[in-house]
1. Taking the criterion of being basic (K, R), surrounded by 15 or more Cβ atoms within 10 Å (Cβ to Cβ) and over 30 Å from C170 (Cα atoms), would at least one residue in region 251-270 satisfy it?
2. If I ask for residues that are within 14 Å of the ligand (Cβ to nearest atom) and under 17 Å from D51 (Cβ atoms), which ones from region 92-116 would you list?
3. Out of all the residues in region 41-57, is one or more under 23 Å from K4 (Cα atoms), in contact with a strand residue (DSSP E or B) (Cβ under 6 Å, 6 or more places away or on another chain), aliphatic (A, V, I, L, M) and away from the ligand (no atom under 14 Å from the Cβ)?
4. Which of the residues that make up region 222-240 are open to solvent by less than 50 Å² (accessible area, probe 1.4 Å) and within 12 Å of the ligand (Cβ to nearest atom)?
5. Name the single residue, out of those in region 7-37 being in a strand (DSSP E or B) and surrounded by 15 or more Cβ atoms within 10 Å (Cβ to Cβ), that is modelled with the lowest pLDDT.
6. For region 246-257, name all the residues that are more than 15 Å from D183 (Cβ to Cβ) and in contact (Cβ under 8 Å) with a residue 40 or more places away in the chain.
7. Could you say which residue among A40, A107 is farther than 30 Å from I270 by Cβ, exposed (fewer than 14 other Cβ atoms within 10 Å of the Cβ) and either touching an Asp or Glu at 6+ places or on another chain (Cβ under 9 Å) or at pLDDT 95 or above (or both)?
8. Any residue at all in region 178-192 that's over 23 Å from E120 (Cβ atoms), in contact (Cβ under 8 Å) with a residue 40 or more places away in the chain and not small (G, A, S)?
Amino acid sequence: MQFKDKCLDLSSPRVMGILNVTPDSFSDGGTFNMLENGLAQTGLMLSEGADIIDIGGESTRPGAQDVSIQQELDRVIPVIESICQRFDTIISIDTSKAQVMTEAINAGASLINDVRALQENGALEAAVAAKVPVCLMHMQGQPRVMQQNPHYEDVVKDVMAFLQQRIAICRKAGIAGEQIIVDPGFGFGKSLEHNYQMLANFEKFHRLNVPVLAGMSRKSMLGHLLQREIGQRLAGNVAVATVAAQKGAQIIRVHDVKETVDAVKIINMINACRNNNER
Ligand code: 8Y4
């Protein structure tokens, strides 16, 4: 897949490292610490083998509050600019806002990761104009209330139908099929069972004929099943990332890059040996 001037081979799973630039975790709420921390985090994730850095300035955790366009721009643009100056990597902008997409791409991002699948005002047009790959994610409801009462006829079929429809709309609007990635949206308006039904049937999403991204890192599908706090979910993170990789996920979005890269190496070795034996 082509990302501006960089090409990324998706024939084996790639690891997307998560960089949060929401200021809640910074004591002074200032931008200096956020920038320094962002650069350090990025350098670490790249040294651990991340292929893509996903930068988001809106918290989409259940219950999170809305942020303004200006707030989001202030958070992500300086970080994108300084990462581009210092590192040679693919930057993904995690946003649903058209203006943030456009300015992030101008600042050096080369993938749009939209949990609202380009359904917000102007987002589709901004993505068409940006001429970069887009990740279309499924979500039921809005972040603040999405976990209150998720309901599906058949979660895999329903999510597939939504993604199919968004692919068609994006292609009609002028986004090339080769520029589209889809994502079932683990944790976004799904019960524990819904999430594991999607993981159990993950290979079915390949019927959409575009690369598939899986994001389960540290989410409550691990916390609730394993009864573990965020910092104690590493084994769970690696277990679900390994299953997704085994089921052919082209991109895995994670906080724990080093451990996920190890798991992907094992999957790659297994796949190489299976192919050798078939000949
Ligand atoms: C702890 C830490 C608990 C983080 C929950 C979370 C996805 C995504 C998010 C995803 C794609 C998150 C931006 C939610 N999840 N983008 N973004 N796919 N494409 N929650 O699954 O990480 S944010």
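1. yes
2. Within region 92-116, S92, I93, D94, A109, L111, I112, N113 meet the criteria.
3. Checked region 41-57: at least one residue is under 23 Å from K4 (Cα atoms), in contact with a strand residue (DSSP E or B) (Cβ under 6 Å, 6 or more places away or on another chain), aliphatic (A, V, I, L, M) and away from the ligand (no atom under 14 Å from the Cβ).
4. Of everything in region 222-240, those that are open to solvent by less than 50 Å² (accessible area, probe 1.4 Å) and within 12 Å of the ligand (Cβ to nearest atom) turn out to be L222, G223, R233, G236, N237, V240.
5. N20
6. Scanning region 246-257 gives H255, V257.
7. A40 is the lone residue from the list that is farther than 30 Å from I270 by Cβ, exposed (fewer than 14 other Cβ atoms within 10 Å of the Cβ) and either touching an Asp or Glu at 6+ places or on another chain (Cβ under 9 Å) or at pLDDT 95 or above (or both).
8. Within region 178-192, one or more residues are over 23 Å from E120 (Cβ atoms), in contact (Cβ under 8 Å) with a residue 40 or more places away in the chain and not small (G, A, S).
The values are calculated or read from the model by the stated rules, or taken from the named source; none is laboratory data. Remember, it's a predicted structure, so these values are computed and weren't measured experimentally. Note that we place each Cβ from the backbone using ideal geometry, even for glycine, and neighbour counts take in every protein chain shown. Please note that ligands, DNA and RNA were not included when accessible areas were found on the heavy atoms of the full protein model with its side chains. Shrake-Rupley method; radii C 1.70, N 1.55, O 1.52, S 1.80 Å.
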